[in-house]
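Report on one structure; see the data block that follows.
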Amino acid sequence: MTKAIVIQKNGGPEVLELTDVVVGEPGAGEIRVRHQAVGLNFIDVYQRSSLYTLPLPLQLGMEASGVVEAVGSGVTHLAVGDRVAYASQPPGSYCEARVMPAKCVCKLPDAISFETGAAMMLKGLTAQYLLKRVLPVEGLEKGDFVLFHAAAGGVGLIACQWARALGLRLIGTAGSDAKCQLAVANGAEVCINYAKEDFAARVKDITGGQGVKVVYDSVGKDTWDKSLDCLRPFGLMASFGNASGAVAPFAPGILGNKGSIYVTRQTLFSHITTRERTQAMADDLFNVVTSGQVKIHIEQTFPLAQVQEAHRALEARKTTGCTILTL
């Protein structure tokens, strides 16, 4: 038996229940991992609330770190005793131990702590695919402007630092002056407080009226329309989240009117469908972290039993950087 957070119905943070669950032996292609720390992400809120619908009852959580306890047949890249970290489907990381598919689980370098490993996998791999794989049709070069919403969040702070390392000029947005200062301290060239300023107008000013090549947007409904106005001709609107709610349907004709721009809706799990691709992306992430180019900011820590409080803080936008659950 192990302790786990399970929901029996969709709803607010109050539906998150600490309960006992049975953990068995791994089957073919699976491992059993004993967690040391667990990451908190907005996708957990989407699944809890039913914005993303999954069968119930549901054990939440998409990322964690720990130690391999048992290995099923066919698993050759991991062994009992390995330090590991992952961002993976299906959900289930809000627990002390679990059996799960092995293909998206990666060995964690000794130089990276369990806490950092749990905090960085989903958010760091998201920043990796956005900046390296989700590119405008004309590509990105050193000196190009990009716009990144929620720049002081978990993905945002990683992206600010990584963009700086790549030579990109990242314009961030955030909801307070303090969050804007944090984004700039981590590599954003400038950060716009969208609670006080029209970010679309500021972006045009900053870029000399040209706009940016790409907008990376995890906010959704509240930033969508003005984000399209921030793009230069043939620019890319890359949506990867819905923190403020889902984007309303729109007529494709507006894309032509705004400069023949492109729109894409991305998910990490489309990018990590194979062990080889997952490992390659993780190696890139591990390298920028161990080199010191990217620092993982763990700003909030909650015991697993206090996961309701963690969800309330995340939804109220009271968090910055990464949040982990401890065991």
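For every residue, the table says whether it meets (1) within 18 Å of K295 (Cβ to Cβ); (2) touching an Asp or Glu at 6+ places or on another chain (Cβ under 6 Å); (3) not basic (K, R).
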site	(1), (2), (3)
D144	no, no, yes
H149	no, yes, yes
G153	yes, no, yes
A201	no, no, yes
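Residues in region 197-244 that are among the basic types (K, R) and under 24 Å from the mean Cα position of the chain (by Cα): how many? Lay out the reasoning, then the answer.
Here is the first cut: in region 197-244, the residues among the basic types (K, R) are 202, 204, 213, 221, 226, 232.
Next cut, under 24 Å from the mean Cα position of the chain (by Cα) only: 213, 221, 226.
Here the count works out to 3.
Taking region 1-29 as the range and being within 29 Å of L78 (Cα to Cα), of a type outside the set (A, V, I, L, M) and touching a residue at least 60 places away in the same chain (Cβ under 8 Å) as the test, the residues that pass are T2, K3, G24, E25, P26, G27, G29. With the structure loaded, tell me whether A163 is over 20 Å from A243 (Cα atoms), without any contact (Cβ under 8 Å) to a residue 60 or more places away in the chain and crowded, with 23+ Cβ neighbours inside 10 Å or whether it fails that test. When the stated conditions are applied, A163 passes them.
Hey, among G143, G172, which residue is part of a loop (DSSP other than H, G, I, E, B), touching a strand residue (DSSP E or B) at 6+ places or on another chain (Cβ under 8 Å) and without any contact (Cβ under 8 Å) to a residue 60 or more places away in the chain? If you could, list the steps in order and put the result at the bottom.
On the way: G172 fails: part of a loop (DSSP other than H, G, I, E, B).
One residue alone meets the criteria, G143.
Mind checking which pairs have a first residue in region 81-102 that is assigned by TED's automatic domain parsing to the domain that holds G24 and a second that is among the acidic types (D, E) and surrounded by 24 or more Cβ atoms within 10 Å (Cβ to Cβ), Cβ under 7 Å, 6 or more apart or different chains? The qualifying pairs are Y86/E63; A87/E63; S93/E63.
To keep it simple, each residue is scored yes or no on (1) in contact with a Phe, Trp or Tyr (Cβ under 7 Å, 6 or more places away or on another chain); (2) in contact (Cβ under 8 Å) with a residue 40 or more places away in the chain.
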position	(1), (2)
A248	no, no
A251	no, no
N257	no, no
V263	no, no
Q266	yes, yes
H271	yes, yes
T278	no, yes
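Only a single criterion out of (1) without any contact (Cβ under 8 Å) to a residue 24 or more places away in the chain; (2) within 11 Å of H35 (Cβ to Cβ) is not satisfied by T76, namely (2). For region 112-134, the count of residues that are within 19 Å of T267 (Cα to Cα), touching a residue at least 12 places away in the same chain (Cβ under 8 Å), more than 17 Å from the chain's Cα centre (by Cα) and not in a helix (DSSP H, G or I) is zero. Just one of the listed residues (A111, A102, A97) is of a type in the set (A, V, I, L, M), modelled with pLDDT of 95 or more and surrounded by 23 or more Cβ atoms within 10 Å (Cβ to Cβ), namely A102.
The values are calculated or read from the model by the stated rules, or taken from the named source; none is laboratory data. Everything quoted here is computed from the prediction, not taken from an experiment. So basically every Cβ, Gly included, is an ideal-geometry build from the backbone, and we count neighbours across all protein chains shown.
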